[in-house]
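Have a look at the structure below before the remarks.
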Amino acid sequence: MLVSNIEMFSPSSLSECLTYLSQSSKKHKLIAGGTDAAVRMKEGKWRPEIWINIKNLKELRYIEEKDGCIHIGPLTTHTDILRSDLLKRKADVLVEAAREVGATQMQNMGTIGGNIGTASPAGDTIPALYVLGALIEISSLNTKRLVPIEQFFIGPGRTILRENEMITGILIQPQHPNEIGIFQKLGPRKAQSISIVNVAISLKMIEGKHCHGGKIAFGSVGPAIIRAKKCESLLSQGPLTEELIQNIAKVAWKEVLPITDGRATALYRRDMASALLERGLYRLLRRWENR
Amino acid sequence: MKTIQLKVNGAVHSISCPPAKSLLDVLREDLGLTASKECCGKGECGSCTVLINDEAACSCIVLAGQADGQEIITCEGVGLNPNLDAIQESFIEEGATQCGYCTPGIIVSAKAFLNGIDHIPAVDEIKTALGGNLCRCTGYTKIIKAVQTAASRNSSEKEPVKG
């Protein structure tokens with residue numbers, strides 16, 4: 001399929017879009033910000049017969065808190081996330097992750113739904129969504145289901161989305177005042193880079209250096225995001241002293257499952273996953289003490 | 001083929017083109033606006049940066065059909081000789097260009113950045129704002145200096161006239 005022969009349909013509402021998805025006989029793909037989709041088309045990897053352009057579906061671009069959850073529309077851009085006071089207060093780790101996506105242009109164009117749907121193991125917002133207990137709302141014309149983000153991915157670039165479905169919402173648990181999070185990323189350069197390793201951490205603090213548990217999710221060191229549950233189980237074993245933090249970092253070295261690729265070797269990724277977690281925990285504690 | 005409406009640098013155009021053609025190609029081939037450049041072609045270098053509804057975006061990975069009905073500003077729209085913008089004057093003054101391939105994209109990114117602030121930015125702020133624009137010749141010292149110079153020109157213009 002030549003690029004010049006690819007058609008485009010731009011639905012004017014979500015229901016029109018879902019109707020099209022349920023009826024289309026053509027090979028279709030959704031495109032939002034295009035920061036991945038357009039590149040893959042140019043590289044010849046993705047050549048649908050028709051693009052379904054959802055970029056301008058304004059009804060899917062929102063950030064709001066209701067019924068004890070924060071609801072984020074899939075077409076919310078990374079820039080929208082950076083500017084949101086609600087997320088700065090109650091989902092700090094997601095704001096930090098959005099800041100690390102590409103650079104200004106990518107943040108303006110790219111959407112959180114696209115970051116999830118692309119299902120890259122290196123997607124920056126995904127580990128943050130893991131530690132915030134995200135649920136993904138998936139809709140087709142006649143069905144709607146809520147899926148924990150852990151169950152959404154089935155491999156690099158692969159998700160449970162069916163042909164007639166799309167992501168229509170992201171729900172996260174707001175952080176309590178004693179919860180703090182951090183996102184740490186190592187890329188080949190500071191701006192505009194794809195993660196070699198990244199990690200999102202969210203801790204429930206009690207007093208001083210004591211914490212009541214937390215969540216740790218690594219990106220880019222496995223076929224999907226890795227929840228470091230062994231590391232997590234150590235968090236509440238005592239005050240987060242230097243010794244305990246170093247132990248947790250050692251456990252992380254074993255718990256990640258990286259491969260060697262064009263960006264880094266597996267061994268380097270293990271070392272860096274361990275170092276990023278250690279650094280992240282120190283930084284979180286300092287923030288907690290200076291809050 | 002599809003007919004799309006684009007408002008580019010203030011003028012409305014109706015263009016017939018394949019909807020999956022890049023916005024950059026439409027600007028360069030259909031409208032003859034060749035300031036925006038294709039370099040990496042995948043949104044990593046920023047030399048194709050334009051403003052879409054006032055926000056910086058890489059036009060090489062925006063599809064024409066997606067830009068339908070949107071408002072686009074290119075480097076030509078920031079300013080053309082002899083009516084250059086303060087940011088363009090500053091680039092000339094500071095010698096912040098060498099081969100010039102990245103310059104139009106940087107000018108557009110800098111324009112968007114300066115539109116959103118009303119102070120003279122620190123070096124780190126400028127680095128963050130221009131993080132998506134790569135230059136392979138001069139290094140960034142003069143570019144950063146030029147953005148600061150432009151910011152101080154803008155702020156001196158805004159000061160009320162005394163007397």
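The values are calculated or read from the model by the stated rules, or taken from the named source; none is laboratory data. As the structure is a prediction and not an experimental result, all values here were calculated from the model. Cβ placement follows ideal geometry from the backbone for every residue including glycine, while neighbour counts extend to all protein chains displayed.
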*In the stretch A:12-31, how many are surrounded by 19 or more Cβ atoms within 10 Å (Cβ to Cβ) and either in the same structural domain as A:Pro156 (by TED's automatic domain parsing) or out of contact with any Leu (no Cβ under 6 Å at 6 or more places or on another chain) (or both)?*
4
*Tally time: how many residues in the stretch B:114-133 are under 16 Å from the mean Cα position of the chain (by Cα), more than 8 Å from every other protein chain (Cβ to nearest Cβ) and in a helix (DSSP H, G or I)?*
3
*Output the number of the condition that A:Leu86 fails; it satisfies all remaining conditions of (1) assigned to a helix (DSSP H, G or I); (2) touching a Gly at 6+ places or on another chain (Cβ under 9 Å).*
(2)
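Yes/no matrix, rows are residues, columns are (1) assigned by TED's automatic domain parsing to the domain that holds A:Thr35; (2) within 29 Å of A:Met109 (Cβ to Cβ); (3) exposed (fewer than 14 other Cβ atoms within 10 Å of the Cβ); (4) at pLDDT below 95:
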site	(1), (2), (3), (4)
A:Pro239	no, no, yes, yes
A:Ala252	no, no, no, no
A:Ala264	no, yes, no, yes
A:Leu281	no, no, no, no
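Looking for something within 14 Å of another protein chain (Cβ to nearest Cβ), of a type in the set (Val, Ile, Thr) and either within 15 Å of B:Asp54 (Cβ to Cβ) or in a helix (DSSP H, G or I) (or both) - is there at least one such residue anywhere in the stretch B:77-84? I'd like the intermediate steps shown before the answer.
Here is the first cut: in the stretch B:77-84, the ones within 14 Å of another protein chain (Cβ to nearest Cβ) are none.
Among the residues of the stretch B:77-84, not one is within 14 Å of another protein chain (Cβ to nearest Cβ), of a type in the set (Val, Ile, Thr) and either within 15 Å of B:Asp54 (Cβ to Cβ) or in a helix (DSSP H, G or I) (or both), which makes the answer no.
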*Mind listing just one residue for me: the one in the stretch A:59-97 that is touching a Phe, Trp or Tyr at 6+ places or on another chain (Cβ under 9 Å) and aliphatic (A, V, I, L, M) and, of those, farthest from B:Leu134 (Cα to Cα)?*
A:Ile72
*Can you tell me which residue within the stretch A:204-231, out of those that are without any contact (Cβ under 8 Å) to a residue 40 or more places away in the chain and β-branched (Val, Ile, Thr), is farthest from A:Leu129 (Cα to Cα)?*
A:Ile206
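Taking the condition within 14 Å of chain A (Cβ to nearest Cβ) and touching a residue at least 12 places away in the same chain (Cβ under 8 Å), does B:Glu29 pass?
Details: within 14 Å of chain A (Cβ to nearest Cβ): yes; touching a residue at least 12 places away in the same chain (Cβ under 8 Å): no.
Against the criterion (within 14 Å of chain A (Cβ to nearest Cβ) and touching a residue at least 12 places away in the same chain (Cβ under 8 Å)), B:Glu29 does not qualify.
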*Can you name every residue in the stretch A:1-23 that is more than 14 Å from chain B (Cβ to nearest Cβ) and either under 10 Å from A:Ile52 (Cβ atoms) or in a helix (DSSP H, G or I) (or both)?*
A:Leu14, A:Ser15, A:Glu16, A:Cys17, A:Leu18, A:Thr19, A:Tyr20, A:Leu21, A:Ser22, A:Gln23
*Can you run down the residue pairs with Cβ atoms below 7 Å, 6 or more apart or on separate chains, where the first is in the stretch A:135-146 and surrounded by fewer than 17 Cβ atoms within 10 Å (Cβ to Cβ) and of a type in the set (Lys, Arg) and the partner is in a strand (DSSP E or B) and at pLDDT 95 or above?*
A:Lys144/A:Glu137; A:Arg145/A:Ile138
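Could you tell me whether any residue of the stretch B:87-101 is outside any loop (DSSP other than H, G, I, E, B) and small (Gly, Ala, Ser)? Don't jump to the end; show me each part of the working.
To start, the set of residues in the stretch B:87-101 that are outside any loop (DSSP other than H, G, I, E, B) comprises B:87-94.
Checking the rest, the ones that are also small (Gly, Ala, Ser) come to B:90.
Yes - at least one qualifying residue is present in the stretch B:87-101.
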*Please find, within the stretch B:32-76, the residue that is farthest from A:Ala32 (Cα to Cα) out of those that are more than 9 Å from every other protein chain (Cβ to nearest Cβ) and part of a strand (DSSP E or B).*
B:Ile73
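So, of the residues in the stretch B:5-23 that are free of Cβ contacts under 8 Å to residues at least 60 places away in the same chain and outside any strand (DSSP E or B), which turns out to be surrounded by the most Cβ atoms within 10 Å (Cβ to Cβ)? Before you say what the answer is, go through the steps one by one.
Pass one, the stretch B:5-23, residues free of Cβ contacts under 8 Å to residues at least 60 places away in the same chain: B:11-23.
In the following step, the residues that additionally are outside any strand (DSSP E or B) were identified as B:18-21, B:23.
Numbers: B:Pro18: 19, B:Pro19: 24, B:Ala20: 27, B:Lys21: 21, B:Leu23: 30.
Going through the qualifying residues, I end up with B:Leu23.
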*Looking at (1) in a loop (DSSP other than H, G, I, E, B); (2) under 24 Å from A:Ile201 (Cα atoms), which is the one condition that is false for A:Gly44?*
(2)
*asked:* For the stretch B:106-118, which positions are farther than 18 Å from A:Thr79 by Cβ and modelled with pLDDT of 95 or more?
replied: B:Ile106, B:Ile107
*asked:* What's the number of the only condition in (1) touching a Gly at 6+ places or on another chain (Cβ under 8 Å); (2) outside any loop (DSSP other than H, G, I, E, B); (3) within 14 Å of chain B (Cβ to nearest Cβ) that A:Thr35 fails to meet?
replied: (2)
*the stretch A:176-186, subset in contact (Cβ under 8 Å) with a residue 12 or more places away in the chain and not in a strand (DSSP E or B), residue nearest to A:Arg279 (Cα to Cα)*: A:Asn178
*Kindly provide the set of residues from the stretch A:207-233 that are crowded, with 16+ Cβ neighbours inside 10 Å and assigned to a helix (DSSP H, G or I), ordered by number.*
A:Cys231, A:Glu232
_If A:Lys254 satisfies all but one of (1) under 21 Å from the mean Cα position of the chain (by Cα); (2) in a helix (DSSP H, G or I); (3) farther than 24 Å from A:Asp92 by Cβ, what's the number of the condition it fails?_
(1)
_Of all residues in the stretch A:50-75 being part of a loop (DSSP other than H, G, I, E, B) and within 14 Å of chain B (Cβ to nearest Cβ), the one that is surrounded by the fewest Cβ atoms within 10 Å (Cβ to Cβ)_ = A:Asn56
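Can you confirm whether the stretch A:117-124 contains a residue that is free of Cβ contacts under 8 Å to residues at least 24 places away in the same chain and either in a helix (DSSP H, G or I) or in the same structural domain as A:Leu186 (by TED's automatic domain parsing) (or both)? Break it down stepwise before answering.
Of the stretch A:117-124, the ones free of Cβ contacts under 8 Å to residues at least 24 places away in the same chain are none.
No, the stretch A:117-124 contains no residue that is free of Cβ contacts under 8 Å to residues at least 24 places away in the same chain and either in a helix (DSSP H, G or I) or in the same structural domain as A:Leu186 (by TED's automatic domain parsing) (or both).
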